[in-house]
Every structure is written in structure tokens, then in C-alpha cells.
């Protein structure tokens, strides 16, 4: 088969912040589907913070990407060849195609998407893994009760915006933290957060805590943790007795070296954090959404109608062209995206 | 009333490890019970690690002891005067009398003890607050399943020994950590732990982890946290996916300055600990046993018969004389006690 496809591989591991040199665009032969497999042309691919973790050679919840291996991730595309009775050319489906123009996967690892129900890009965002992450952590670990106060970082990102909007739906006070006045305005005006604090305007964690105190007069009952860094430092001492911390990410630390093999400078914040968990009787629950796909149907049943009716809104940050995926990814890690980060591939 | 009693007050706040200078023995007038109150002569008083926290002027789960105020704590004694219909002289009862030879409390804050059922000192240990702490944290937060592996520090202390023995009762592998070969031998031979590691024989957390790895071939599912320090450092990376950490104490840090107002030297262990909680999908649940006294009856109903039948054993470390309480307390904080630390007051 003389047709070709494009993909992006990990050229070398980053130290701290990734740059263009960590990625390489390759042209390779188009694969053919085997028995029970499907070939797709990617329309949109997803860029997510967790991908940064897989670029390191550290123990994580999935195998690191190998050098010269294709970057992984979710994508949605159109079936162009199928050797499965469940898919035919023209079908739209979502799967783990990675950073690539095309891909072959087993039919049972694909999820068919009905483009009549919602724009297909939503299968990677508000109605996909990020939205589901927010829904699961908020409900199952957050155990929300009306009248409580929730704080979430990266408030305009696809996880944070889901969490904040669900909190409002359930009668909680929702306070966001985001990087920039424009994002904070969007969080309050479009997403319906009660307040949003710009962490870039804070000189340090103490300053951020002061700003949060003013908009969380009754303390914090749920801190949905997807950022860590100074937001965690600011929030932890503000947690009310019996508070819950669903923990699914720590983007502020991914590039900082804090998670690397070396030792990080002091002070050692673990003893005081540990004491706060004890004294305030907190529950910190780490979770990884891929463990919980048995609940995906429940999520779609609840949130799909809210998205269709406009009660839950979403924002996308779309970059055109697979070759621009590294730049878009680097921008996202630096907080320069605004909404769910996607690459329009075809 | 010309009779007198003795008590020990906080003379000044310790910096790091307390010494005799932090305490003062006083002789004061014997109090009289008011309406609905009871006067007791203390027979045994309890010394517990949490008391160290209350000597600091830091936010904790209870008000700090004030300077020149009596040290608080549980004690068991004999009623010598009563203005309550529920108690009469000669009754044995347990209550919060603090470090004192006598005390007056409201009858509804006393728990009557039947000396026929078990030695009265057990109301402060295996059948009292420490045993209940172990039972509650192990069951409610630990969510034990037969075949899993549990690790607990201070394994011969009243909390650790309860946790380990309950784990064996429920079909788990129980591994202790304790300070000294004699304690480790006791943990295995008398308490029935599968193994016990002497943290004093470990040069650092890595060395302790190596020793633990050999006796936890399937990793660790439950880490009952009452010590922190190098035990936490050693254990955390060994936690299995879905592991649980009931968190009720951190004795290794109480005297270290790590919890004080100043900043502690690096490295900063929080980012990596936070990542481990995420990657291994751990649940860390802080708890304070006084929140849960509604379950005390369930605890006694389950554990009382096990103690009476000798299926759960206990060890006490008894010091004679109220005036020796500070020394016994300082010894306990240094790990020089062996079993539940008590002072025989009368």
C-alpha cells in the first residue's frame, strides 16, 4: 500500500518544560486493518495534561512513551476502512489513536459517536474523558452536599469547568482558580462560578489564600485537585472539617522538576499537609478515570442532556494541523490555552 | 474543705522534645462535686502521643493546654463523693480527669467500668480510646479484605497492636514497624504479626523500605498511619493501587519541629507523595476518634470478648506515681515505652 500517514513521536525526554525538540513529525506507511480492526482518519485529537507525565521515564499509571514511539492520546475520526461488522466507512468513532493523522484499532476499543447528538469534538472534552473525570471525581469522591463550598483550579479547562458547573447544578458555592483575568471573567460570566481568583495576580500562596478567603467565607468543603502548586498550598489550610479532595492531576508540578528523580528544594511541606489532613479529618482520594469507564454511561445520561440544553457550556481551544500539536501542547502546559485543547487534524 | 489534691500543669511550651522543665507538680485544694457531679480518686491515668500536640500553641483538633493549666487526658478511678443518682462511692469510672490525683466531672461525662469484666486499666488502652482508634480506623477507613497486606507503625503500642491483631483476625497479612528488636519479637511472638521491622536498625527510609519489601511480597494495601517520619517515606511508594491510609497520628514528627511554625528543611516531599496518592489511587483518610464515639458500643461488643478470651492480647507500661508522669511521657515520645503507657496514681 503506497499511501502514507503522519504521526508525532517522542524524540527525546524533556527536562522540565518540553520544547519542539522533544517531538518529531514522521511520515510512515498507512496501516491496514486486520480482522476485527478498523482504520480511521483522525478529525480531532485531544491534548491533555496527563500526557506530560508519560513523557517522563518515571513510574506512573501507564507505561511511559518510549523514545521514537508515537505520542498517545484520544482522538475522534471517520472510519475509512473496516474489517469489523460493527463499523462501516463514514462512521464517526472515538478511540486512542494518539498524535497521528490515521490509525488502526480493534473495533471493541472504539466508541461510535453520533454526530447528530452533539459536535463530534465534544467526545474529547465536555462529553469525553475530561468531562467524565470532573463528573466522577466531583460526585464519587467529592460527595457534594448543597450549601457546601467547592474550589477547583484550571477553572476554564475541560475538567474544571465541568466541576464548577456541576457544583452549581447541585446547589454548592463554586469558586474557581484560573490563570488570567480573561479566564476568570469567563468562569464567572459564562460558566456561572460564584467567583474566580486569578492566581497570576497573587504574589504567593499566602496572597492567593487571602483572595480565596474573601470569596469562601464559610471555608472549603471540596477541593477538586487537578493543579497542585500554589493553589494546593493556598487551599489546604482552608479546608473545613470533614472536607474531601478528589485528586486527579497536578499540572503545576509536571514541568517543575518537583516530580522528577532529583530532590526538590525545601521547605518540606509534607508534615504540615499531613497534619492538616488529620486535624481537619480530610479525605484525599486519588483516582484515574480509566479505572471507572463502567460509569461512563451514567455520566453521559446525566450530562449529555445538560450540554444539549445549554445548561452546561464548554469552550474549545482548537489548533489546526497535526504538525502544530507540539506547540499547542506546550502552550497548554503553560496555561496559555483557553478551554479544552484540541488539534483539528483533517 | 482542708483536703488537698495534686495535679500537673504545663509550666511552659516545649520547643521540640519536652523536658521536665515543661511541667510543674502542684498541690491544690480538693474540689467538691456540684449538683450532678462526681468526685473521683484517680487510679490510673493515660499517657498518649496526642497530648504532645496540645502542648503547642498551634491549631489542632482541640484547644491547646494553656500555660499553668492542668494537662488533660483520660483516667480511670474510684468514686469518692457523688451528687448524681447514677454514681455512688466505690464505683469505678473512666473520664477526662487529666494529669491529677483527683477530679470532679459531670456524671454524664463519665463511663462506668465493671471491674469484673476486665482489669480497669484496660479502659484506657485495649478497651479504651487507643483500642477504639485502631478498630475504627482499620475497619471504617482501612476497609480490610482477607488476603491483603497491612502495615502499621508503633506496632506494640496500644493502637498498633490492636490494628495488627484485628488484621490477623480478618485474614490479612500484618506487618509491624517498631523501635527495637525486643518490640519486634513481641509483635511477632505475642501479638501474632507475620513480621515486624525494627526501624532503629534501618539507616534511612530506603533501607527500611528494602526490609519491608522482603516481608511484603505483594505490596501494601493498608497503611495504618500513626507514626509518619521515615516509616511513611518507606511505605508510601510500596502502596498497591487502591490502597487506603487511615491517618490518626504522626508521633515521629511531634517533637521534630516539622509541624512547628517555622519552615522545615528540604527536600520537599509533598509533590512526590501527592503523585503517589494519584498514581496508586490511594485514599488517605484523616480521622479523630472523638468524632466517632457513637460507634464505641460496636467496638466493645466486638473486641471485648476477644480480649476476654485472650484472642487479642495487650501489654501495659505502668509507671508508679503522678509525679513521675512527665518522665513517663517523655520516655513514651522517645519510643522508650513498651505497650500502653499508664501512670498508676493511687
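The values are calculated or read from the model by the stated rules, or taken from the named source; none is laboratory data. Worth saying up front: this structure is predicted, and the values here are computed from it rather than measured. Counting neighbours? That spans all protein chains shown, and the Cβs are built from the backbone with ideal geometry, glycine included.
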With the checklist (1) surrounded by 15 or more Cβ atoms within 10 Å (Cβ to Cβ); (2) away from chain A (no Cβ under 14 Å); (3) in contact with a strand residue (DSSP E or B) (Cβ under 6 Å, 6 or more places away or on another chain); (4) at pLDDT 95 or above in hand, flag the one item residue B:327 doesn't pass. (3)
With the stretch A:282-346 as the region, which strands (runs of 3 or more DSSP E) entirely inside it contain at least 2 residues that are over 30 Å from residue B:137 (Cα atoms)? A:316-320, A:340-344
Within the stretch A:54-74, residues being within 14 Å of chain B (Cβ to nearest Cβ) and modelled with pLDDT of 95 or more number 0
For the stretch B:298-323, what are the residues that are surrounded by fewer than 20 Cβ atoms within 10 Å (Cβ to Cβ) and over 19 Å from the mean Cα position of the chain (by Cα)? B:298, B:301, B:302, B:305, B:306, B:308, B:309, B:310, B:311, B:320, B:321, B:323
Filter the stretch A:1-34 down to the residues that are under 14 Å from residue A:103 (Cα atoms) and not in a strand (DSSP E or B) and list them by number. A:3, A:30, A:31, A:32, A:33, A:34
Part of a loop (DSSP other than H, G, I, E, B) and either surrounded by fewer than 18 Cβ atoms within 10 Å (Cβ to Cβ) or free of Cβ contacts under 8 Å to residues at least 40 places away in the same chain (or both) - does that describe any residue in the stretch A:119-127? yes
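Per-residue answers, yes or no, for (1) farther than 22 Å from residue A:341 by Cα; (2) not in a loop (DSSP other than H, G, I, E, B):
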{"position": "A:145", "(1), (2)": "yes, no"}
{"position": "A:155", "(1), (2)": "no, no"}
{"position": "A:162", "(1), (2)": "no, yes"}
{"position": "A:176", "(1), (2)": "no, yes"}
{"position": "A:186", "(1), (2)": "no, yes"}
{"position": "A:193", "(1), (2)": "no, no"}
{"position": "A:203", "(1), (2)": "yes, no"}
Out of curiosity, is residue B:64 surrounded by 21 or more Cβ atoms within 10 Å (Cβ to Cβ), under 30 Å from residue B:247 (Cβ atoms) and either outside the structural domain of residue B:256 (by TED's automatic domain parsing) or in contact (Cβ under 8 Å) with a residue 40 or more places away in the chain (or both)? no
Hey, can you tell me all the residues within the stretch A:1-33 that are closer than 26 Å to residue A:79 by Cα, exposed (fewer than 11 other Cβ atoms within 10 Å of the Cβ) and either at pLDDT 95 or above or in contact with a helix residue (DSSP H, G or I) (Cβ under 9 Å, 6 or more places away or on another chain) (or both)? A:27, A:29
Quick check on my filter: what residues within the stretch A:95-104 are farther than 11 Å from residue A:41 by Cα and surrounded by 17 or more Cβ atoms within 10 Å (Cβ to Cβ)? A:95, A:98, A:99
Out of everything in the stretch A:37-65 that is in a loop (DSSP other than H, G, I, E, B) and in contact with a strand residue (DSSP E or B) (Cβ under 7 Å, 6 or more places away or on another chain), what residue ends up being nearest to residue A:102 (Cα to Cα)? A:47
Please give the number of the condition residue B:330 fails out of (1) out of contact with any helix residue (DSSP H, G or I) (no Cβ under 9 Å at 6 or more places or on another chain); (2) under 15 Å from residue B:99 (Cα atoms). (1)
Inside the stretch A:274-298, the number of residues satisfying the requirement of being in contact (Cβ under 8 Å) with a residue 60 or more places away in the chain and closer than 25 Å to residue B:228 by Cβ is 3
Where a residue in the stretch A:76-93 is outside the structural domain of residue A:116 (by TED's automatic domain parsing) and its partner, wherever it lies, is modelled with pLDDT of 95 or more, with Cβ under 6 Å and at least six apart: none
Does at least one position in the stretch A:282-294 carry a residue that is touching a strand residue (DSSP E or B) at 6+ places or on another chain (Cβ under 6 Å), within 14 Å of chain B (Cβ to nearest Cβ) and surrounded by fewer than 21 Cβ atoms within 10 Å (Cβ to Cβ)? yes
I'm trying to understand the selection: among the residues of the stretch A:216-265, which are more than 9 Å from chain B (Cβ to nearest Cβ), in contact with a helix residue (DSSP H, G or I) (Cβ under 8 Å, 6 or more places away or on another chain) and assigned to a loop (DSSP other than H, G, I, E, B)? A:216, A:219, A:226, A:227, A:255
Condition broken by residue A:271, with the remaining ones in (1) within 14 Å of chain B (Cβ to nearest Cβ); (2) crowded, with 23+ Cβ neighbours inside 10 Å; (3) in contact (Cβ under 8 Å) with a residue 12 or more places away in the chain satisfied: (3)
